[in-house]
Amino acid sequence: MPFSSKPAAESASRLYTDVPAADLSAATALAGWRRVTLLYMKRGTLTLRLDEELERDLDNLAKQTGRTRSDLARDALRRQLSLLRFERLRNRVLPFAEARGLLTDEDVFAAVS
């Protein structure tokens, strides 16, 4: 069975292996090869309470994409935390930019281009 380690963009703790479909149970076998993700470093648990609409949307997206609800929630949380960090940094830098006459994104792009 071929084995390859490929670092995941979101986590260095993921190890990917390619498994022939013949080695999988008949219920889960796919044509050709199937990618199996093994997670070795579980760090913590978070329990979320979802309203019915959000839960339905999450379930539908999980089915459509073939990803788990947990994987989608982790991805959404990572994105939101990145956005909040960016906004916090932008607010800290904004007074210095305004003092230099950089008032819009276009001003910044023109200054760094």
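The values are calculated or read from the model by the stated rules, or taken from the named source; none is laboratory data. On a predicted model such as this, the values are computed, not experimentally measured, just so you know. Cβ sites come from the backbone with ideal geometry, for glycine too, and all protein chains shown count toward neighbours.
Only residues that are of a type in the set (Lys, Arg) and within 19 Å of GLY44 (Cβ to Cβ) were counted in region 55-84, giving 4. State whether one or more residues within region 80-94 are at pLDDT below 90, within 17 Å of the chain's Cα centre (by Cα) and not basic (Lys, Arg). No, region 80-94 has no match at all. I'd like to check something: does region 57-67 contain any residue that is part of a loop (DSSP other than H, G, I, E, B), surrounded by 11 or more Cβ atoms within 10 Å (Cβ to Cβ) and modelled with pLDDT of 90 or more? Looking for residues that are part of a loop (DSSP other than H, G, I, E, B), surrounded by 11 or more Cβ atoms within 10 Å (Cβ to Cβ) and modelled with pLDDT of 90 or more, one finds at least one in region 57-67, hence yes.
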